[in-house]
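Novice: Sharing a structure with you now.
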Amino acid sequence: MKELLENLKSIEVSDAKGYTLIDTCAFIHIFEHHDKIAKFKKQISNGKFGITSFNIEELMYVEHKLHDNIKNEIRHFLKNEKKHYDGLKIININVHPGNINSEKKFIANVDTELLQIMNQDFSDGVLFAVAVKIGGDIITRDKHHIYNQIAETYANKHCIDIRNKI
């Protein structure tokens, strides 16, 4: 799957203004539910959607845990839906999963207030920090850290829409 994901066009954070970011769990969820795939394709063909390089690494880390049907749906999408790729980009960031110190540093470089808010899950904080940097929205299935009241207030202050549906 890694080689298929690498076929997606990559852009830098500075070129991702206004993109909607898809969290790893939301990306997987789309392909767990066959009826959501068509809606996803339609939305990315009409908009600016991104998956951070950080989230791609997370996806590669959990790939072996995914059911074969989900992996097949993702591969099929990546292989056969090239016409939709233009709306889905990998947003390169210089932080990698599993290195908590670099995750914290990345978040703090964007906003120390965000670092305090995301003190339970720095990987979600990385996605949130990218959203702040690009003025983008977030699609996530995470209901613990990004969907708490303090984080929601912070998101509203920065005009970030956090959704759990495509």
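Values in this text are rule-based calculations from the coordinates and carry no lab data. Because the structure is predicted, anything quoted here is derived from the model rather than measured. For neighbour counting, all protein chains shown are included, and Cβ atoms are generated from backbone atoms with ideal geometry for every residue, glycine included.
Novice: When Ile37, Ile74 are ordered from fewest to most other Cβ atoms inside 10 Å of their Cβ, what list results?
Specialist: Starting with the residue having the fewest Cβ neighbours, the order is Ile37, Ile74.
Novice: How compact is segment 2-163 by the rule of thumb for globular proteins, expressed as Cα Rg over 2.2 N^0.38 Å?
Specialist: 0.99
Novice: Would you mind calculating the gained length between Asn99 and Ser45 on full extension (0.36 nm times residue separation, minus the Cα-Cα distance), in nm to one decimal?
Specialist: Result for the pair: 16.1 nm of gain on full extension.
Novice: Right, next: Rounded to the nearest 10 degrees, what's the angle between the helix 68-80 long axis and the longest principal axis of the chain, both from Cα atoms, 0 to 90?
Specialist: 80 degrees
Novice: Provide the packing ranking of 101-107, 59-65, 159-165, i.e. peptides ordered by the mean count of other C-beta atoms within 10 Å per residue, highest first.
Specialist: Put in order of decreasing packing, that is 101-107, 159-165, 59-65.
Novice: Follow-up. Assign unit charges at the C-beta atoms only (+1 for Lys and Arg, -1 for Asp and Glu), then state the dipole size of the chain relative to its Cα centre in Debye, rounded to the nearest 20.
Specialist: In total the dipole reaches around 520 debye.
Novice: So, one more: Can you tell me the relative contact order of the chain? Whole percent, Cα pairs under 8 Å, sequence separation 6 or more.
Specialist: 31 percent
Novice: Would you kindly derive the ³J(HN,Hα) couplings of segment 93-100 from the backbone phi angles with the Karplus curve 6.51 cos²θ - 1.76 cosθ + 1.60 (θ = phi - 60°), listing them in order in whole Hz, with x for Gly and Pro?
Specialist: 9, 9, 8, 10, x, x, 10, 4
Novice: Test of understanding: ordering Thr20, Thr112 by Cβ neighbours within 10 Å, fewest first, what list do you get?
Specialist: If I rank by nearby Cβ atoms, fewest first, I get Thr112, Thr20.
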